Structures are given as structure tokens and as C-alpha cells.
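Before any comments, here is the structure.
The values are calculated or read from the model by the stated rules, or taken from the named source; none is laboratory data. Everything numeric in this text was worked out from a predicted model, so none of it was measured. Neighbour counts are summed over all protein chains in view; Cβ atoms, including those assigned to glycine, are modelled from backbone coordinates with ideal geometry.
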There are 2 protein chains.
Amino acid sequence: MATTRSSKRQKNEPYELLYHAGIPGRGEHIRLAFEEAGVEYWDAAHNDNGASETYPLISDKYTGNAHSPPHLAPPILRHGDLTISQTPNILLYLGPRLGLVPDQSEDPEGIYYINQLTLTALDGFSNEAHDTHHPIASGEYYEDQKDEALRRAVDYRLNRIPKFLGYFERVLGSPTSQGGEYLYGGKLSYADLVLFQTLDGVSFAFPKCVKSARESGKYGKVWALYERVKGRAKIKEYLASDRRLKYSMGIYRHYPELDEE
Amino acid sequence: MATTRSSKRQKNEPYELLYHAGIPGRGEHIRLAFEEAGVEYWDAAHNDNGASETYPLISDKYTGNAHSPPHLAPPILRHGDLTISQTPNILLYLGPRLGLVPDQSEDPEGIYYINQLTLTALDGFSNEAHDTHHPIASGEYYEDQKDEALRRAVDYRLNRIPKFLGYFERVLGSPTSQGGEYLYGGKLSYADLVLFQTLDGVSFAFPKCVKSARESGKYGKVWALYERVKGRAKIKEYLASDRRLKYSMGIYRHYPELDEE
């Protein structure tokens with residue numbers, strides 16, 4: 001089965017991103033990779049049949065097919081008959097194909113550092129931003145867990161944001177960053193795109209807190225990286241385009257009361 | 001730098017697991033991989049110098065070395081001069097080396113399915129178990145967030161446990177499982193070990209809830225996998241040994257009040 005599957009793959013098969021329309025969410029990390037690489041992709045968020053292509057794959061009746069186990073949640077990447085989910089996993093697959101990881105022949109273990117940094121940004125820094133407005137139950141309304149959210153947001157602002165910013169500042173000062181422009185190896189990787197998007201989302205959700213963190217001067221390398229990625233030609237063009245979705249009711253939400261001192 | 005690093009690696013360099021002593025925690029997923037593979041490893045939990053080897057690498061003063069960026073948290077794997085963190089990342093590195101993923105030449109994309117299933121178990125099912133007793137702040141005491149914990153545990157028991165069990169039941173019924181004995185490809189992979197350990201931890205933390213889920217008969221394939229992994233010769237020997245640490249104040253904690261109807 002597996003050999004057949006792989007041998008069927010065509011080089012020019014389109015990349016398809018299956019995700020909710022209307023929020024950047026975790027799908028945004030995949031979009032930024034395609035945009036930076038200048039590679040065409042089909043995006044469910046911008047196509048009329050996006051929902052009908054996406055939701056059957058995460059239905060609790062779906063039992064997968066010969067080329068794919070079921071998926072718990074989107075984003076899902078479809079590439080020919082390969083269908084995979086989990087954001088860091090999709091990036092792991094795309095990284096070498098889009099030139100967003102160190103060259104395998106020169107640095108065979110670079111991918112593990114890129115993956116480590118990506119997991120730290122996504123499953124820590126970014127996921128915990130979601131939990132500030134949904135600390136009790138992801139399926140219930142914010143308004144029904146607001147008291148708990150107010151408490152959790154204090155911890156996120158006072159302890160977690162400084163912890164993650166401090167961590168990435170150290171990464172950018174480490175010998176493996178090779179100069180501090182990017183997280184690893186002196187060259188842009190998808191880990192930088194993930195950190196950029198996480199910082200951008202956290203800045204939207206907690207503008208006061210982030211302003212004060214930036215003004216503290218403690219995390220200069222992190223914010224320089226943020227501006228550096230934002231200013232890259234293809235990213236800049238993308239962020240100004242209609243393809244970039246607005247933040248709304250997704251992972252990153254701006255509730256002013258969660259950002260108060 | 002990278003080429004030198006890689007070429008220095010010796011085949012017989014020891015695997016070293018750097019993690020907290022006293023709890024199985026996320027380090028347990030790495031231990032189970034070594035134990036199933038029958039491969040020797042040095043374990044910080046069972047050595048006097050374990051803490052002095054581990055904690056400097058996650059100090060907020062540590063800026064990495066030529067072969068390793070800083071780490072946010074353990075577990076950390078050291079293998080020669082490679083030092084990597086993040087549990088799913090360590091497993092990704094070890095999988096091919098320990099024979100716990102599909103053969104790369106026969107199924108080059110199998111690793112992405114194994115990684116997808118691992119991330120779903122670890123960053124969803126398992127992490128959320130931790131959040132039931134620490135829904136507000138991981139740095140504060142349970143007793144100081146007990147009201148919120150009681151509320152969050154209800155959601156975990158009523159919505160999240162059934163969601164994850166249902167998902168993995170479907171995975172075991174999917175064509176890619178190839179028979180339902182293991183999650184992917186008819187053969188044990190590290191994703192099965194991760195699911196086993198997560199189920200074991202959740203069973204410790206929520207015994208009543210799990211008893212009722214098992215008796216419902218809805219997740220027969222999942223619990224059969226749990227027993228199948230538990231009964232594998234090397235795992236069985238390991239679980240009965242002193243090397244298997246007891247659950248205590250880690251990810252999985254048994255607070256009877258969080259398990260009540």
C-alpha cells in the first residue's frame with residue numbers, strides 16, 4: 001500500500017489547505033510557509049467548496065481512507081493522495097519541499113532543531129493564548145468562563161509571555177542562531193514564520209502587555225526578528241493582500257479586560 | 001558546523017534522557033520507546049548526577065552551545081553532541097533509530113502519520129489532563145485553583161475523554177490501521193506507546209470515569225490496544241521493574257474530587 005501511494009505522487013500535484021474560513025488560526029502557519037516560498041496552494045478559506053471539502057474529514061463518522069487515518073481537527077494538508085493533520089506535522093512535511101529548513105545533506109539534524117523551536121512556539125506560547133479566553137471548556141462561550149479567563153490572563157501576561165519571550169531571546173543569542181537574525185543557522189526557517197505569527201497574534205490579543213514588553217528593551221532580538229520577517233518581500237505583499245484573514249473569534253481574541261493591568 | 005557535528009556522531013554513543021526524577025511525566029514516553037526497543041539508555045531519574053546534568057540546560061541563564069539551542073523544558077535527549085527537546089521531537093528522532101516507525105524505504109510518508117497520531121495524543125489528550133488540575137496557572141498550587149479545576153475536570157470527563165477515545169477508536173477502525181491491532185500499518189510504532197502511556201495516566205487520574213468508559217463498550221479497540229501494549233514482553237518486564245516510576249505530582253494526578261460524577 002505504502003509504496004504504491006508514494007510512487008503515485010506527482011511533483012506538480014497541488015497543495016491544498018483545509019481549514020476553517022474566517023479566522024487565521026493555526027492554518028495561518030501553513031499559509032505563511034506557502035507565501036514565503038512563493039508556492040501556489042488551494043485554500044479552503046477562499047473557495048466556495050472549502051467547507052464541504054474540509055468538514056467531512058473531521059466528522060466523528062469519518063473513518064479515513066486507504067491513504068489517511070481520520071483527523072481530530074484542521075488544519076489538514078492534502079497533497080495528491082497524502083492527507084495529514086497537526087500543524088507542526090504539516091510544517092515538517094512542507095519544510096524540505098518549500099526550502100524552509102536547513103539542507104538535509106549539509107545539516108541532517110537541523111530539522112530536529114527547527115521542529116523543537118516550532119513545537120515550543122505553537123504548543124506553548126500560542127496554545128496558551130487560546131486558553132486565556134477558554135480556560136475551562138473550549139466548547140463553551142467565553143462569557144460563561146470569564147471569571148476564570150480574567151485569572152488565567154493575569155498569569156499569561158505576568159509569567160508566560162515573559163517566559164516565552166525570554167526563551168526566544170536566548171535562542172537568538174545562542175551560537176546555533178549564528179548571528180541572531182533568525183532562530184537557527186543564520187537563515188530563515190519555518191520556525192521563524194511560526195514565531196512571527198505567534199507574536200503577531202499575541203500582539204493583537206494583548207496590545208498593552210506587548211507594548212510594555214517591547215518598551216522594556218529586554219527582548220530586542222525577538223522584536224527585531226518579528227519586524228525582519230514582516231518586512232520580507234513576499235510576506236509583506238501577502239500581509240497587505242486579501243488573502244490575509246483578519247483576527248476575530250479564533251485563537252487570538254482581543255478582550256480589553258484580559259489585557260488590563 | 002553542522003557537517004562536523006554529524007560526522008562526529010558515533011554509532012555506539014549512549015542515549016541520555018534528561019528529565020525530572022520522581023515522576024513519569026513526559027519523560028515516560030521516551031523511556032517506553034527505549035524499553036520496547038531493548039536499547040540501553042542513561043536515565044537522569046536513576047542517577048545521582050541526574051539533576052546537575054538536567055537543570056543547567058533549562059536555566060534561564062543558559063544560552064546553548066555550538067550544538068544546541070536552549071531548551072524551554074525537559075525531557076531533553078542527549079545523543080553524542082546532539083541535544084534536543086520537546087517529547088514528540090525526541091520521538092521523531094528516535095523512531096527510525098529504534099525501529100518504531102515504518103521502514104522509510106517502504107513507506108516514506110508513514111512517519112507523518114505516526115507524528116500526527118503522536119501529536120494528537122500528547123498535545124491534546126495528555127496535556128489537557130494536566131490542565132484539569134492546573135487550569136489557571138501552572139506555577140501555582142492546585143489548592144489555589146481548585147474551584148476552576150473542578151469545573152474544568154467536568155468538561156474533560158464529559159467531553160474531552162470521549163472525544164479522544166472516539167477518535168482513536170476510529171483510527172483503529174480505519175484502513176490505514178490495517179487490522180486494528182495497532183494505530184498504523186498493522187505494526188507497533190511509537191504512537192502506540194504514546195497512546196498506551198496516555199491511557200494509563202488518564203486511568204490513574206480518573207479511575208471512575210475510565211471504568212465507565214471501558215464498560216460502555218464503545219471503545220473496545222482502544223482498550224484492546226492498551227492491553228496489547230501492556231502485555232508486550234519488554235513492556236511487561238519494564239512495568240514490573242524499579243525503573244517504572246510511580247505517578248505522583250506530575251501530569252497525571254489523582255484527586256478523587258475531580259473524578260466524581
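Looking for something touching a helix residue (DSSP H, G or I) at 6+ places or on another chain (Cβ under 8 Å), among the hydroxyl-bearing types (S, T, Y) and over 19 Å from A:S241 (Cα atoms) - is there at least one such residue anywhere in region A:29-48?
For region A:29-48, residues touching a helix residue (DSSP H, G or I) at 6+ places or on another chain (Cβ under 8 Å), among the hydroxyl-bearing types (S, T, Y) and over 19 Å from A:S241 (Cα atoms): absent.
Collect the residues in region A:174-184 that are more than 17 Å from A:A121 (Cβ to Cβ) and at the interface with chain B (Cβ under 9 Å from one of its Cβ atoms), keeping them in residue-number order.
A:P175, A:Q178
Read through the list (1) more than 9 Å from every other protein chain (Cβ to nearest Cβ); (2) within 19 Å of A:G139 (Cβ to Cβ); (3) at pLDDT 95 or above, then give the number of the only condition that B:T120 fails.
Of (1) more than 9 Å from every other protein chain (Cβ to nearest Cβ); (2) within 19 Å of A:G139 (Cβ to Cβ); (3) at pLDDT 95 or above, only one is false for B:T120: (1).
Out of all the residues in region A:21-47, which are farther than 17 Å from A:Y190 by Cα and either hydrophobic (A, V, I, L, M, F, W, C) or at pLDDT below 95 (or both)?
A:A21, A:G22, A:I23, A:W42, A:A44, A:A45
Looking at region A:240-261 only, could you name the residues that are aliphatic (A, V, I, L, M) and crowded, with 18+ Cβ neighbours inside 10 Å? Explain how you work it out, then say what you get.
Applying the first criterion (aliphatic (A, V, I, L, M)) to region A:240-261 yields A:240, A:245, A:249, A:251, A:258.
Result: A:L245, A:I251, A:L258.
Taking the stated definitions as given, is B:E140 without any contact (Cβ under 8 Å) to a residue 12 or more places away in the chain, facing another protein chain (nearest Cβ under 8 Å) and within 22 Å of A:I136 (Cβ to Cβ)?
On the way: without any contact (Cβ under 8 Å) to a residue 12 or more places away in the chain: yes; facing another protein chain (nearest Cβ under 8 Å): yes; within 22 Å of A:I136 (Cβ to Cβ): yes.
So B:E140 passes the test.
Given the options A:Q104, A:Q116, name the one that is of a type in the set (S, T, N, Q), farther than 30 Å from B:A153 by Cβ, free of Cβ contacts under 8 Å to residues at least 60 places away in the same chain and not assigned by the TED database to the domain that holds A:Y167.
A:Q104
Quick grid of which residues meet (1) under 21 Å from B:L183 (Cβ atoms); (2) in the same structural domain as A:A191 (by the TED database); (3) part of a loop (DSSP other than H, G, I, E, B); (4) acidic (D, E):
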{"position": "A:G22", "(1), (2), (3), (4)": "no, no, yes, no"}
{"position": "A:H29", "(1), (2), (3), (4)": "no, no, no, no"}
{"position": "A:L32", "(1), (2), (3), (4)": "no, no, no, no"}
{"position": "A:D60", "(1), (2), (3), (4)": "yes, no, yes, yes"}
{"position": "A:L77", "(1), (2), (3), (4)": "yes, no, no, no"}
{"position": "A:L91", "(1), (2), (3), (4)": "no, no, no, no"}
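Identify all residues within region B:31-67 that are under 27 Å from A:L172 (Cβ atoms) and among the aliphatic types (A, V, I, L, M); write none if there are none.
Listed by number, the residues that qualify are B:L57, B:I58, B:A66.
Looking only at region A:189-209, count every residue that is surrounded by fewer than 21 Cβ atoms within 10 Å (Cβ to Cβ) and within 21 Å of the chain's Cα centre (by Cα) and tell me the total.
Qualifying residue count, region A:189-209: 4.
Quick test of your reading of the structure: B:S248 fulfils all but one of (1) at pLDDT 95 or above; (2) of a type in the set (S, T, N, Q); (3) under 24 Å from B:D43 (Cβ atoms). Name the failing condition by number.
Of (1) at pLDDT 95 or above; (2) of a type in the set (S, T, N, Q); (3) under 24 Å from B:D43 (Cβ atoms), only one is false for B:S248: (1).
Exactly one of (1) at pLDDT below 95; (2) at negative phi is unmet by B:G80. Its number?
With respect to (1) at pLDDT below 95; (2) at negative phi, B:G80 is out only on (2).
Is it true that some residue in region B:96-115 is within 9 Å of chain A (Cβ to nearest Cβ), buried (at least 24 other Cβ atoms within 10 Å of the Cβ) and not in a loop (DSSP other than H, G, I, E, B)?
yes
Only one residue in A:K163, A:K187 is touching a residue at least 24 places away in the same chain (Cβ under 8 Å), within 14 Å of another protein chain (Cβ to nearest Cβ), basic (K, R) and farther than 24 Å from A:M249 by Cα. Which one?
A:K187
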